[in-house]
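What follows is a single structure, written as structure tokens, with notes after it.
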Amino acid sequence: MAAARLNPAVRRPMLVLLAALVALQTAPAAATPGRLTDPEIRAFMVRQEAAWNARDGRAYFASFAPRARFVEQGRTNAGGIMRYGSSTLEEARRYAARFFAGPAARDRTTITAIVVAADGRSADVAGQKLTTLAGGRRRCAEVRQTLTLVAGRIQSLGETSTAIRCRDASRSP
């Protein structure tokens, strides 16, 4: 029987029920407690980048585990890696404070891969970062973070940033 022919007192509850059923069928699957999901990881990365761009060091570094390590390196013309150095969370906070005191810069990261571990408690995230500095200068990097789920909270174990030529950014793996 078509909905148009039903008694209005019956039609409205049926339409509400139908809408609810459709919503259940099209809703994204609920996250399994204790497992990282792609949408949660992407939201975490967006919040982290927003904190950095707002120069909110407190919020930015709160997204990292106390044992986080930050590695800076560059890709050579021959495709090798030249390591510039690494820092602890506290050292990175000090470097960031100096950076934030300088001219404005903005980061924009495009996530290129998310690989969640089989147990769902950690994930490797890869991306391409474009930093636009004062005067329009640009710096590009391949970035990687390992995220972990601790007591229901996502934390990063650090970031490895590999400087690349910006013209190579679209060709990088």
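I want to confirm something. Restricting to the range 86-105 and keeping residues that are at pLDDT below 95 and not in a helix (DSSP H, G or I), which single residue is nearest to residue 131 (Cα to Cα)?
The selected residue is 105.
Confirm whether residue 78 is under 19 Å from residue 142 (Cβ atoms) and loosely packed, with under 13 Cβ neighbours inside 10 Å.
For residue 78, the condition - under 19 Å from residue 142 (Cβ atoms) and loosely packed, with under 13 Cβ neighbours inside 10 Å - is met.
A quick yes/no check of all residues on (1) in contact (Cβ under 8 Å) with a residue 60 or more places away in the chain; (2) of a type outside the set (A, V, I, L, M, F, W, C):
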{"residue": "82", "(1), (2)": "no, no"}
{"residue": "86", "(1), (2)": "no, yes"}
{"residue": "94", "(1), (2)": "no, yes"}
{"residue": "98", "(1), (2)": "no, yes"}
{"residue": "106", "(1), (2)": "no, yes"}
{"residue": "125", "(1), (2)": "yes, no"}
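Is there any pair with a first residue in the range 128-141 that is in contact (Cβ under 8 Å) with a residue 40 or more places away in the chain and under 23 Å from residue 159 (Cα atoms) and a second that is small (Gly, Ala, Ser) and in a loop (DSSP other than H, G, I, E, B) whose Cβ atoms are under 9 Å apart and which are 6 or more apart or on different chains, and what are they?
Partner pairs satisfying both residue conditions: 128/172.
Can you name every residue in the range 56-75 that is loosely packed, with under 15 Cβ neighbours inside 10 Å and either assigned to a strand (DSSP E or B) or touching a residue at least 24 places away in the same chain (Cβ under 8 Å) (or both)?
Result: 66, 67.
The values are calculated or read from the model by the stated rules, or taken from the named source; none is laboratory data. What you are looking at is a predicted structure, and each value in this text was computed from that prediction instead of being measured. Please note: Cβ atoms are built from the backbone with ideal geometry, for glycine as well, and neighbour counts cover all protein chains shown.
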